[in-house]
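To start, the structure itself, in structure tokens.
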Amino acid sequence: MHIVFCADRRVIPGLHVAAYSLLERFDTSVVQPAITVFSDALDDGDMALLEQTLQGVGKPYSLR
């Protein structure tokens with residue numbers, strides 16, 4: 001399943017909460033979610049922090 005977020009710097013905390021919550025509730029035994037974030041405002045550091053947040057769930061996913 002493909003999940004798409006559109007984000008700018010003002011919604012970074014909400015992006016973390018929404019992505020974490022979604023992944024936490026997702027049944028990854030059925031399909032591995034692919035999370036894509038569209039933004040021209042987030043940098044590699046922001047994406048690395050999001051990756052850290054999502055790794056805390058302990059479920060498989062891909063992040064682009």
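All of the numbers you see were taken from the coordinates with simple rules; none came from a lab. As the structure is a prediction and not an experimental result, all values here were calculated from the model. In this analysis, Cβ positions are derived from the backbone assuming ideal geometry, glycine residues included, and neighbour counts consider all displayed protein chains.
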- For M47, M1, order by how many other beta-carbon atoms lie within 10 Å, fewest first: M1, M47
- Message: Only four residue types carry charge here, +1 at the Cβ of Lys and Arg and -1 at the Cβ of Asp and Glu. Report the dipole size of the chain about the Cα centre in Debye, rounded to the nearest 20.
- Response: 200 debye
- Query: Would you list D46, D40 from fewest to most Cβ contacts within 10 Å?
  - Reply: D40, D46
- Would you calculate a helix-derived [θ] at 222 nm for the chain, using -39,500 (n - 2.57) for each DSSP H run of n ≥ 4 and dividing by the full residue count, to the nearest 500? -13000 deg cm²/dmol
- Would you mind calculating the gained length between L22 and A34 on full extension (0.36 nm times residue separation, minus the Cα-Cα distance), in nm to one decimal? 3.2 nm
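For region 2-63, calculate the relative contact order in percent as a whole number, restricting contacts to Cα pairs under 8 Å that are 6 or more residues apart.
49 percent
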- Message: Taking semi-axes √(5λ) of the Cα gyration tensor in Å straight from the coordinates, which label in (1) 20, 11, 10; (2) 48, 14, 9; (3) 28, 15, 9 is the correct one?
- Response: (1)
